[in-house]
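Inspection log for the structure reproduced underneath, given as structure tokens.
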């Protein structure tokens, strides 16, 4: 019953370590270091690292830039709401914003080309959950997050909001086409 | 001190309860179970709405119920119970009077008022902001005020605990170091102080914001809020690990393998667990890479190391105790011959395994900077934390409650047969619940989402059939777990109301000092290959293999995604 009694030895830190424990501590510590250096290593050799490029912004500033790109590169509109489908050239800056309760605009990107995707939330926190690829990024109001993306498969992708943002949250879904 | 009080020695356990402390422990434990019962009722609404074929509650009610479920379970049930554990680990284990009982009652009163005020705000309908209440989304002012009052009460409770330790030291109720369980509770209380102060630092501004007095930056809110949100789960870890050691001692007579290893592991919690707030910010803008990597890994996973140590030493201590009783055949006779019919032991063992395999491994996945991209805000996240907080903490506290019914409440347990089955029903259905939730999350299904079908939306995303199947299984497993919860509440409340009264034991005006533990025997005559606990070591190896495989499977999955830089 000694876990509920004061230890017999006055100095607990001189209590002997069992061989089972000693062996396990060594193994566990090595594994912990592997876990740590795996993250660092992926920054060097891996291809999926979230950019940290961020700017402070306001809904007006961001909207102005997003509308300018949309005005230039809109190829068609979709749905009854006439959401523009914007297809900027590879390598350029593309914009997508989350607001109560939709994403704007729809993007059309090319496979294996790289874009600078600017993301923000206009009002509350929103979530950028790209499906079915399953890439999830937080959208925080007041911050413009610039993520460099390289789509590697053609298809129709959905952007699902996965941060609770009020009563219309479950209606908030956008789209990205990759050709 | 002229405090006149009495000490009751329980004839069933030998534990000695000081009169005021006993009342306080009872009051806090009862409030805890009431919140658990209420949160469990809310769980029915959550589970039956997310089960796609049933989709029970309307959207506004669902989000309201989900907000209350999170707060009532994660905060109110668990912290009330933890305050009871703190008083138990100080006053009862050290056999001393509780410091400032009147102040402890004030703390209890604040916690009761705060928790009710917060729930009233939620059920008025205008505070469906989820437990995280990210600004600029606003709840009613009384939502925040309720949390603040509750937190102040809990903070006072922690200081009553510290004060009781001082009383015990000064009045020499024990010699040498405090017992390991008290030491673990002390780390929990220290983490709690940090957590609650961080909470004050951000909930008070949020409250002022709800009164339109000031404005809070959304990213600063998230950063500081998680020093409350994640760290409060670290109080749970430190507390439930302490209870594991406690149960190993009372159920099997186990003693810690090495006081040094176990205590250093608790110290690692104090030093590193707090950094885990970063887990929630890995997908955020404006947070630097080096900051993320250092913090999310608890500075090179030293807190993970601590949990891996406890995960070995608790069952290891059990194994050594069993082997000393003569269960020495093969690797696992000690485990086969364990008291599986004792719900206190069974609950804790199911908790240890589930916490390690389901909660621990997946926690490291989510907390790995890049792997977080495939998990952030999917239903994988609640899958993980139900494994840590429900299988880990709640199941452990349930197991301890079964022990306390005769010892503390002096009642014979009603339906002991049903109690034997409770940990298996609740534990294993929660295992399955967590697994299928994480399965759905791996397919990308969002958490906190009312309608995965996006009905009526022209851009609706169609989830794969497997995702719907997983969510249906979440529903079924959830209902089974709720049934296990109902049985727990029935047995606990029923025993307190109708259980046969047991003999309370002798009361005396003075405490009996705590005896020292028997000295450790240097030479070990049990075990094999020089290993005192070879069976536990084999289990640890199975754990490690599962961990390594699952870890690299996730990297493989990540490597197939869009390039991101």
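The values are calculated or read from the model by the stated rules, or taken from the named source; none is laboratory data. In this text, all values refer to a predicted model and were calculated from it rather than measured experimentally. Glycine gets a Cβ as well: all are built from the backbone with ideal geometry, and neighbour counts include every protein chain shown.
Some observations on this one:
- Residues located in the range A:44-82, provided they are free of Cβ contacts under 8 Å to residues at least 40 places away in the same chain, touching a helix residue (DSSP H, G or I) at 6+ places or on another chain (Cβ under 8 Å) and under 22 Å from residue B:218 (Cα atoms): A:52
- Scope the range B:461-473; condition without any contact (Cβ under 8 Å) to a residue 60 or more places away in the chain and touching a helix residue (DSSP H, G or I) at 6+ places or on another chain (Cβ under 9 Å); matching residues: B:463, B:466, B:467, B:469, B:470, B:473
- Single condition residue A:133 does not satisfy, out of (1) surrounded by fewer than 24 Cβ atoms within 10 Å (Cβ to Cβ); (2) under 25 Å from residue B:223 (Cα atoms): (2)
- Once the range A:139-154 is narrowed to residues that are within 7 Å of chain B (Cβ to nearest Cβ) and more than 24 Å from residue B:218 (Cβ to Cβ), the residue that is surrounded by the fewest Cβ atoms within 10 Å (Cβ to Cβ) is A:152.
- In the condition set (1) within 14 Å of another protein chain (Cβ to nearest Cβ); (2) closer than 26 Å to residue A:120 by Cα; (3) in a helix (DSSP H, G or I), residue B:186 is compliant with all but (2).
- Checked against (1) surrounded by fewer than 24 Cβ atoms within 10 Å (Cβ to Cβ); (2) in contact with a strand residue (DSSP E or B) (Cβ under 8 Å, 6 or more places away or on another chain), residue A:120 meets all criteria but (1).
- Within the range A:9-28, tally of residues that are within 22 Å of residue B:183 (Cβ to Cβ) and surrounded by fewer than 17 Cβ atoms within 10 Å (Cβ to Cβ): 7
- Residue in the range B:239-259 that is under 21 Å from residue A:53 (Cα atoms) and facing chain A (nearest Cβ under 10 Å) present: no
- Wholly enclosed strands (runs of 3 or more DSSP E) of the range A:125-179 bearing at least 1 residues touching a strand residue (DSSP E or B) at 6+ places or on another chain (Cβ under 8 Å) and under 25 Å from residue B:55 (Cβ atoms): A:126-131, A:135-139, A:155-160, A:173-178
- Selection over the range A:99-124 of residues that are more than 8 Å from every other protein chain (Cβ to nearest Cβ), over 21 Å from residue B:445 (Cβ atoms) and assigned to a loop (DSSP other than H, G, I, E, B) gives a count of 7.
- Residue in the range B:161-175 that is crowded, with 22+ Cβ neighbours inside 10 Å, under 21 Å from the mean Cα position of the chain (by Cα) and at pLDDT 95 or above present: yes
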